[in-house]
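Every number in this text was worked out from the coordinates using simple rules, so none of it is lab data. Worth saying up front: this structure is predicted, and the values here are computed from it rather than measured. Don't worry about glycine lacking a Cβ; one is built from the backbone with ideal geometry, like all the others, and counts go over all protein chains shown.
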Amino acid sequence: MEPAFRPGGKLSKLESVYDGMETFLFTPNTTSRSGAHIHDGNDLKRTMITVVVALIPALLFGMYNIGVQHYLAIGEPASRLTMFLYGLLAMLPVIVVSYAVGLGIEFISAQIHHKEIQEGFLVTGILIPLIVPINTPLWMTAVATAFAVIFAKEVFGGTGMNIFNVALITRAFLFFAYPSHMSGDAAFVKVDDALGMGGGTVVDTFSGATPLGQVATSVGDPVMTNILGKPIGFFDAFFGYIPGSPGETSMLAILIGAAILLITGIASWRIMCSVFVGGLGMAALVHLPNLQSLTYPASMLDPMMQLCLGGFAFGAVFMATDPVTGARTKVGQYIYGLLIGVFAILIRVYNSGYPEGMMLAILLMNAFAPLIDHCVVSFNIKRRARSAAAKVKEG
Amino acid sequence: MSTVRLKKGFDINLLGAIEGADVAFTAPPRSIAVVPDDFHGIIPRMEKKEGEHVIAGEPLYHDKNYEDIKVVAPVSGTLKEVRRGERRHIDAIIITPEGNDSMTLDLKRPVEEVLLASGLWVMLRQRPYDIVPAPGVRPRDVFVTAFDSSPLAPDLDVVLGNKREYIGKGVEVLSGLTDGKVYIGIRKGQSIDAPGAEINTFVGPHPAGNAGVQAANLVPVNKGETVWTLDIVTLARIGELFTTGKVSHNTIVAVDGEQVKTPRYVQTVMGAELTTLLKGQLKEDAGESRIISGNVLTGSKVEADQWLRAPYRHVTIIPENSNPDEFMGWASMSPKRFSLYRTFTSWLRGLKRPVSMDSRIKGGERAIVRTGEYDAMLPMGIYGEFLIKAIISGDIDKMEQLGIYEVAPEDFALAEFADTSKLELQRIVREGLDRLRAEMS
């Protein structure tokens with residue numbers, strides 16, 4: 001079968017796909033030719049798959065919560081299983097579209113460059129459905145994914161070469177190209193049926209805005225309510241029974257994912273922790289009695305609540321820690337993480353146009369990560385030069 | 001005398017280690033070869049022709065640029081063949097041993113001249129560039145490592161054999177060639193008697209035994225400086241030369257690895273053919289083997305009908321490909337699939353117990369994605385990842401600034417093992433060093 005896929009063969013246009021599938025199914029047979037004769041068992045495939053595994057709790061809870069919010073909205077009781085199935089059916093098309101568009105482009109690009117298909121999109125493909133509001137039309141998701149994969153990744157050279165996080169570029173594209181679909185009442189709670197399941201009419205008291213959306217538009221002391229108008233507390237936000245993008249609502253599911261990433265050592269704990277520290281510090285600062293003000297309603301939020309709401313935790317755990325777009329030096333990682341946390345809250349509180357600051361904060365710091373690293377490395381270079389100069393003097 | 005503690009690095013514990021320190025004897029080899037690739041930086045110009053008789057210690061070839069740098073015959077006999085590869089590159093110079101005569105050098109000549117003519121000069125390495133040192137340059141310091149920390153490495157105390165008594169003389173000789181000091185790096189529990197040298201103890205995993213790593217942690221090499229590195233066995237050989245006037249080409253070699261029946265030390269000659277060395281030692285029915293002259297990280301792949309390569313002290317034999325059709329290996333939950341990283345489960349059973357490892361790369365080559373992998377394997381105060389990137393992009397200034405003068409390919413060998421992106425780091429570093437050298441001359 002193989003020769004057909006090699007240059008000159010009938011199916012040579014599919015060589016990259018064939019290689020990709022072969023290395024996916026079988027461990028590459030190649031043995032080392034130069035240099036070290038033995039190699040560690042870990043490769044990028046395993047690394048990426050582990051990230052996908054870490055995303056599964058957030059994915060499953062996200063599906064469940066879509067069902068929870070839906071049946072609340074149409075005022076019908078439903079079993080947990082029904083809710084989950086509804087959510088599954090609602091998310092499945094998004095996942096399929098994300099992978100089909102992204103992988104399709106990757107396959108074509110790999111074939112054009114005669115390279116093996118790389119696994120970078122495995123993670124991006126699952127991140128996109130988790131951060132895009134569930135009511136986003138599929139064609140928009142497709143366009144945004146295509147834009148992000150081509151212009152944020154392939155033009156830079158593919159996996160490992162991108163400057164900006166590809167999933168976040170997808171969301172940013174949607175956010176700026178189709179703002180009306182990305183916020184407000186209608187974006188985050190799916191009220192119509194999912195592939196024929198769970199049809200019904202929406203109850204009168206329904207309001208689908210996310211807690212942060214409510215805070216941003218509130219006048220006076222902000223009160224956050226669920227979609228039926230009941231006030232929500234810290235634990236609703238911690239467990240995730242609130243409207244929002246599928247992956248981001250449950251702090252608990254995200255923390256399980258964080259534990260997987262930290263135990264396996266894939267994510268940098270330096271980045272992850274410093275994002276939380278930076279966010280908490282900034283949230284506490286704006287919450288100080290003389291700084292909080294009704295002009296900026298988000299400043300009235302309790303700091304812990306700030307971290308549980310919106311995409312903060314999801315961004316801190318899964319997006320900021322992307323090693324390709326983040327800072328790579330140890331010192332740089334602390335600075336990078338801290339600033340993401342600080343900027344996310346800063347944007348949230350003082351820019352009422354953007355109730356959610358995490359996406360922009362991470363993209364901003366993606367742009368600055370190389371500069372941070374450059375400064376850290378330059379410091380090392382200067383230190384070396386100084387110690388060399390000192391020695392010359394001694395001698 | 002101080003103790004340096006190194007935290008970075010890792011000791012890979014492979015199956016097939018040698019127990020005890022007994023040295024076995026084998027039949028004398030029927031052929032001996034010198035492989036010019038072992039002496040990086042030297043462009044060979046033959047002095048002997050095929051069919052000519054050579055005496056042990058007599059020059060076979062010299063360097064094109066420095067005619068005084070000689071590479072000598074390890075045994076007496078007939079020069080059987082100068083085997084050439086592509087573009088007339090000399091692959092090996094093969095000698096059929098015959099007779100026992102050997103050259104005696106006139107020790108009244110200047111020390112450097114004797115060393116160059118003896119053939120021991122090419123066993124030295126200089127930093128920068130990790131090449132055979134250029135004559136006429138006085139090194140700032142000399143760094144001697146007294147132990148080999150690489151996987152399944154021979155105990156250099158065993159390899160020293162009866163040459164131990166010459167260490168003191170060796171230090172004396174090298175002290176005369178440098179304005180600085182002769183540093184000897186030992187491991188904990190080792191004792192070396194060498195007045196005149198500064199002896200430091202290194203505690204920590206591989207690559208603590210690399211002379212370059214030891215240098216970087218004592219007195220780093222800066223631009224414009226030159227240091228020499230060598231191992232304690234070469235030091236003893238130099239001492240012996242300046243005591244007896246003769247170079248000993250006998251050597252003790254560790255033959256070990258998973259595919260070896262009884263891992264052991266064997267007494268033989270530099271450049272000995274592997275056929276006699278390994279006779280009856282390979283496990284039968286154990287699948288295809290890879291024979292490595294050297295250790296699994298930096299050694300050279302050799303065929304069973306080839307020869308022992310410099311530094312002539314280690315042969316490791318591992319399985320070539322123990323699982324050719326492994327299905328979805330990346331999804332493996334088996335704790336037997338060894339990985340330093342906790343993405344696999346091998347850490348649950350402990351990474352210190354002996355493991356089987358074959359020569360598969362176990363993944364495709366990728367751009368550098370994960371952070372800090374190289375730095376964790378490189379105890380040198382160097383930003384390894386940034387240095388590698390600077391080399392790949394050919395940025396000479398950056399390479400210099402990031403400390404390329406301090407490193408040798410062997411220092412990156414462990415990082416190459418650990419690299420998730422499966423880049424050929426040793427090749428990259430070697431190309432960077434060669435490029436820099438070409439640029440500077």
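Phi angles across region A:185-202 convert, under the Karplus curve 6.51 cos²θ - 1.76 cosθ + 1.60 with θ = phi - 60°, into 3J(HN,Hα) values of 6, 9, 7, 9, 10, 7, 9, 7, 6, 10, 6, x, 9, x, x, x, 9, 6 Hz, Gly and Pro given as x. With 44 Å as the cut-off, how large is the P(r) tail for the protein assembly as shown, expressed as percent of Cα-Cα pairs? The share of Cα pairs beyond 44 Å in the protein assembly as shown comes to 39 percent.
Cross-link partners of residue B:246 among aspartates and glutamates, defined as those whose alpha carbon lies under 13 angstrom from its own and excluding same-chain residues fewer than eight positions apart: B:58, B:101, B:106. Ignoring the sites themselves, chain A has its longest run without trypsin sites (Lys or Arg not before Pro) in a DSSP loop having at most 13 other Cβ atoms within 10 Å at A:34-395.
Straight-line reach only, C-alpha to C-alpha below 21 angstrom: list the lysines that residue B:336 could link to, leaving out same-chain residues fewer than 8 apart. Cross-link targets: A:45, B:352, B:362, B:422. Here each label is just a point 7 Å from Cα along the line to Cβ, and for residue B:285 and residue A:259 those points are 4.8 nm apart. When only the Cβ of Lys, Arg, Asp and Glu is charged (+1, +1, -1, -1), the dipole of chain A relative to its Cα centre reaches about 1520 debye. About its Cα centre, the dipole of region B:375-440 is roughly 120 debye, where the only charges are +1 on Lys and Arg Cβ and -1 on Asp and Glu Cβ. Using the rule -39500 (n - 2.57) for each DSSP H run of four or more residues, divided by the residues of chain B, the 222 nm mean residue ellipticity is -5000 deg cm²/dmol.
Fully extending the segment from residue B:223 to residue B:193 would add 7.5 nm, taking 0.36 nm per residue of separation and subtracting the current Cα-Cα distance. The overall shape of region B:46-94, judged from the alpha-carbon gyration tensor, is oblate: a/c is not under 1.5, and a/b is no greater than b/c. Taking amide hydrogens as placed 1.01 Å from N in the peptide plane, the amide H of residue B:11 sits under 5 Å from those of B:206, each at least 5 positions away in sequence or on another chain. Based on Cα contacts under 8 Å between residues 6+ apart, chain A shows a relative contact order of 15 percent. The residue among A:73, B:232, A:313 whose Cα reaches farthest toward the positive pole of the charge dipole of the protein assembly as shown, with charges on the beta-carbon of Lys, Arg, Asp and Glu, is B:232. Residues A:201, B:276, arranged from fewest to most other Cβ atoms within 10 angstrom of their Cβ, appear as A:201, B:276.
The calculated pair-distance distribution of region B:107-237 uses every alpha carbon pair, bins of 10 angstrom beginning at 0, and gives 12, 47, 34, 6, 0 percent. Only Lys, Arg, Asp and Glu carry charge here, each on its Cβ (+1 for the first two, -1 for the last two); on that basis the protein assembly as shown has a dipole of about 900 debye about its Cα centre. The modelled label-to-label distance between residue B:86 and residue B:435, using points 7 Å beyond Cα along the C-beta direction, is 2.0 nm. Taking R0 as 45 Å, what's the FRET efficiency between residue B:64 and residue B:158 from their Cβ-Cβ distance, rounded to 0.05? Computed FRET efficiency for residue B:64 and residue B:158 comes out at 0.75.
Here, region A:47-378 is characterised by an Rg to Rh ratio of 0.96, where Rg is the alpha-carbon radius of gyration and Rh the Kirkwood radius. Amide H to amide H distances under 5 Å link residue A:311 with A:358, where only residues 5 or more positions off or on other chains count and H is placed in the peptide plane.
If both residues of a DSSP beta bridge must be in region B:3-244, then about 55% of such bridges are antiparallel. If the segment from residue B:393 to residue B:322 were pulled out straight at 0.36 nm per residue, it would be longer than the present Cα-Cα gap by 21.9 nm. The residue among B:343, B:207, B:392 whose Cα reaches farthest toward the positive pole of the charge dipole of chain B, with charges on the beta-carbon of Lys, Arg, Asp and Glu, is B:343. Counting, for every residue in B:318-327, the Cβ atoms of other protein chains within 10 Å of its Cβ and taking the mean gives 3. Using the Cβ-Cβ distance between residue A:219 and residue B:11 with R0 set to 51 Å, the FRET efficiency from 1/(1 + (r/R0)^6) comes to roughly 0.20. If you wrap the tightest convex hull around every Cα atom of region B:375-440 and split its volume per residue, you get 72 Å³. Shape annotation for region B:293-432: C-alpha extents along the principal axes are 45, 39, 26 Å, from largest to smallest.
Between A:44, A:285, A:168, the GNM of chain A built on Cα springs shorter than 10 angstrom shows A:44 fluctuating the most. Spin-label pair residue B:345-residue A:302: with each label point 7 Å from Cα along the Cα-Cβ axis, the two points sit 4.1 nm from one another. Compactness of region B:192-274, taken as the C-alpha radius of gyration over 2.2 N^0.38 Å, stands at 1.41. The Cα center of region B:93-169 and the Cα center of region A:129-208 differ in position by 67 Å. Counted over region B:112-268, the DSSP beta bridges are approximately 40% antiparallel. Net length available on complete extension from residue B:50 to residue B:98 is 15.8 nm, with 0.36 nm assigned per residue and the Cα-Cα distance removed. On the beta carbon distance between residue B:336 and residue A:382, with R0 = 56 Å, the FRET formula returns roughly 0.75. Considering only B:1, B:142, B:300, the residue lying farthest towards the positive end of the dipole of chain B is B:1, judged by Cα position with unit charges set on Cβ.
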